[in-house]
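The values are calculated or read from the model by the stated rules, or taken from the named source; none is laboratory data. Please read all numbers here as calculations on a predicted model, not as lab measurements. Methodologically, a virtual Cβ is constructed for each residue, glycine included, from the backbone with ideal geometry; neighbour enumeration extends over all protein chains shown.
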Amino acid sequence: MESRFHSVALLEEKCKGCTNCIKRCPTEAIRVREGKAVINAARCIDCGECVRTCENHAKIIIANSLEDLRQYDYTIALPAPALYSQLERASGPDEIVWALQEIGFDEVCDVSFGADIVTECTRRHLKSFPELRPVISGACPAVVRLIQVRFPNLLPHVARVESPMYAAARVARAEASGRLGIPDERIGVFFITPCAAKVTAVLAPLGSQKSYVNGAISISDIYGDLITRMGRGGTARTMHRGSSFGFGWANSSGELKALGLNNVLAVDGIHNVLDLLEEVDDGRLAGVDYIEALACPAGCVGGPATVENPFVARARMIKISEAVEADSAQARAEAKQIVDEYGEDFFAIEGELAAVAGLAIDPRLEVAIAKMSELERLLAELPGLDCGACGSPTCRAHAEDVVCGYASEVDCVFKLREAMEEVAEELLKLAKTDLPSLQRRNDR
């Protein structure tokens, strides 16, 4: 069982055991047991779909707070491009940057600039590995975790380029330390995140041996602090600001527009991603060069840690991107210069992306084979309705739980009814059977 940090957590006292979440989890990581949801940590990819689905607000995102800034001598905010789409009252990005400094950050570096860096690195990556297709974007950590859990054969297809968050963090950290003479460990870099998966990526990096981001703060957690400062006329500039293409990464298809490639696909929404990856795994999309896959509907603007309607936010993001168009050529040239200076390897994923075992039937091969045979037998006897009443998302998942000892066969209401009918028939037979002593007396 994997023991890495998870940013999605359950508030058991709020859980009603309604089973809505178990039907929406893309990795079948949730069960309902004894009237409460239970999350399988090995299978959870922190996509936040359960946070979005739960009507009882029993699933939450565990993130950092502004109080954590006090641990460092100098702090840098890394606002996701999606943040700028959340504050309707803001006059523009500069006012939001000013507000971030007002609430405690010393400096701000736009992740949109990190997106420009990653765009340049990805172009070079595609030229370096022309034989492997399709290449799958590694920008969304929830998608990469999904591949690790459900599609390990596709791990070689994941682009070996860090996310825009990490690219921006590495540049901002290096520049601040060199310019101010502050030791690296005394600089706190915090990502302003629209989702749970990036909180997990900060504390449990994908493949990397070290996290260059010290924490992640949810947009929803600081929204109130920021919105109350809008309209005061404050403005400030960032260390680096991205191009219109970098800002556009917040929307679905934004990465593809930045790359400017043909023969590409964009997919958003974790269940749509799941369906597409199944096609890739089956070898049906070998003719596609690049796939942008985002777990959240409409892209990062639809993350579970945002506050705005995703479709409203998407439209607002387009306007913001257009507003920074004038500086785009300079921003992209600056990003290219930084990649030339630091080198592509500086922004590459460190270490190997390993498969994650979501469910081990049994570590002993012969026992596992026997259990798989029992699983198929039980599955054939189940109704196949995938109703979720047993507390598992599907009949197959219930059969897995039974053979692994996590559930009883009669947790299925149909199997329970069959068992009760058998007991009732036996009781009826017994009721009609005379005791031997009574039989002898009636024979006289």
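Meeting the requirement of 3 or more residues that are in contact with a Gly (Cβ under 9 Å, 6 or more places away or on another chain), the helices (runs of 4 or more DSSP H) wholly within the stretch 234-315 are 244-248, 254-259. Would you call L261 surrounded by fewer than 24 Cβ atoms within 10 Å (Cβ to Cβ) and under 17 Å from the mean Cα position of the chain (by Cα)? Spelling it out, it is not the case that L261 is surrounded by fewer than 24 Cβ atoms within 10 Å (Cβ to Cβ) and under 17 Å from the mean Cα position of the chain (by Cα). All conditions in (1) surrounded by fewer than 20 Cβ atoms within 10 Å (Cβ to Cβ); (2) assigned to a loop (DSSP other than H, G, I, E, B); (3) β-branched (V, I, T) hold for I60, with the sole exception of (2).
The requirement of being at pLDDT below 95 and surrounded by 23 or more Cβ atoms within 10 Å (Cβ to Cβ) is fulfilled somewhere in the stretch 202-222, by at least one residue. If the condition is being outside any helix (DSSP H, G or I) and loosely packed, with under 14 Cβ neighbours inside 10 Å, then the stretch 63-90 contributes S65, D73, E88, R89.
Scanning the stretch 1-46 for residues that are small (G, A, S) and assigned to a loop (DSSP other than H, G, I, E, B) returns S3, S7, G17, A29, G35, A41, A42.
Among the residues of the stretch 25-57, just one is free of Cβ contacts under 8 Å to residues at least 40 places away in the same chain and of a type in the set (K, R), namely K36.
Counting only residues that are under 20 Å from L100 (Cα atoms) and within 28 Å of the chain's Cα centre (by Cα), the stretch 177-201 holds 11 of them. Among the residues making up the stretch 107-138, those that are of a type in the set (A, V, I, L, M) and surrounded by fewer than 24 Cβ atoms within 10 Å (Cβ to Cβ) are L126, L132, V135. Among the residues of the stretch 372-391, is any at pLDDT below 90 and either over 30 Å from V118 (Cβ atoms) or of a type in the set (S, T, Y) (or both)? No. Inside the stretch 205-256, residues that are under 25 Å from I318 (Cβ atoms) and among the acidic types (D, E) make up a count of 1. Scanning the stretch 319-334 for residues that are crowded, with 16+ Cβ neighbours inside 10 Å, touching a Gly at 6+ places or on another chain (Cβ under 9 Å) and either assigned to a helix (DSSP H, G or I) or outside the structural domain of R124 (by TED's automatic domain parsing) (or both) returns I320, S321, S328, A331, R332.
Tallying residues that are touching a helix residue (DSSP H, G or I) at 6+ places or on another chain (Cβ under 9 Å), surrounded by 12 or more Cβ atoms within 10 Å (Cβ to Cβ) and acidic (D, E) within the stretch 335-375 yields 3. Being crowded, with 24+ Cβ neighbours inside 10 Å, under 19 Å from A159 (Cβ atoms) and either in the same structural domain as Q148 (by TED's automatic domain parsing) or touching a residue at least 40 places away in the same chain (Cβ under 8 Å) (or both) is not true of A313.
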